[in-house]
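What follows is a single structure, written as structure tokens, with notes after it.
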Amino acid sequence: MKYTPTEYVALNIWNDDDGATSVQRRVVKTRKPQTCTAPLRSHDIPPGTMALCEKAIVPDEGRVSCYACTDCLDRMIDKEARYEATGMYA
Ligand SMILES: [Zn+2]
């Protein structure tokens with residue numbers, strides 16, 4: 001984790017196109033294997049990994065939880081910082 005939980009929670013990485021309503025977003029340590037759903041790439045998250053967890057209510061599906069590992073989030077924040085500094089995505 002390069003950043004603080006607050007910075008990870010502030011990221012808007014999941015769009016709400018499916019009508020999902022976010023009910024909770026926080027940084028957790030995973031207890032079970034999860035799938036990282038950060039936009040960059042999808043991969044498995046082993047238990048015991050720090051990850052951003054969003055609980056949401058999706059029409060037709062009910063309650064769902066999404067996870068994104070902090071490694072992917074670090075890369076997203078880095079990219080954003082670079083964009084703000086240089087005006088372009090490198
Ligand atoms: Zn990841």
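Partners of Lys2 within straight-line reach, counting lysines whose Cα lies under 21 Å from its Cα and excluding those fewer than 8 residues away in the same chain: Lys29, Lys79. Between amide H atoms placed 1.01 Å from N, distances below 5 Å from Ile45 occur with Gln34, Thr35, Cys36, all of them 5 or more places distant or on a separate chain. Each stretch of four or more DSSP H residues adds -39500 (n - 2.57); spread over every residue of the chain, this sum gives -8000 deg cm²/dmol at 222 nm. For chymotrypsin sites (Phe, Trp or Tyr not before Pro), the sites in segment 10-90 that DSSP calls loop and that have at most 12 other Cβ atoms within 10 Å are Tyr89. Taking the C-alpha atoms only, the angle from helix 70-86 to the longest principal axis of the chain is near 40 degrees. Can I get the semi-axes of the chain's equivalent ellipsoid? Compute them from the C-alpha gyration tensor as square roots of 5 times the eigenvalues, in angstrom, largest first. Square roots of five times the eigenvalues give 23, 17, 11 Å.
Every read-out reported here was derived from the displayed coordinates using simple, explicitly stated rules and does not represent laboratory data. Bear in mind the structure is a predicted one, so any value in this text is a computation, not a measurement. No Cβ is skipped: glycine too gets one built from the backbone with ideal geometry, and neighbour counts run over all protein chains shown.
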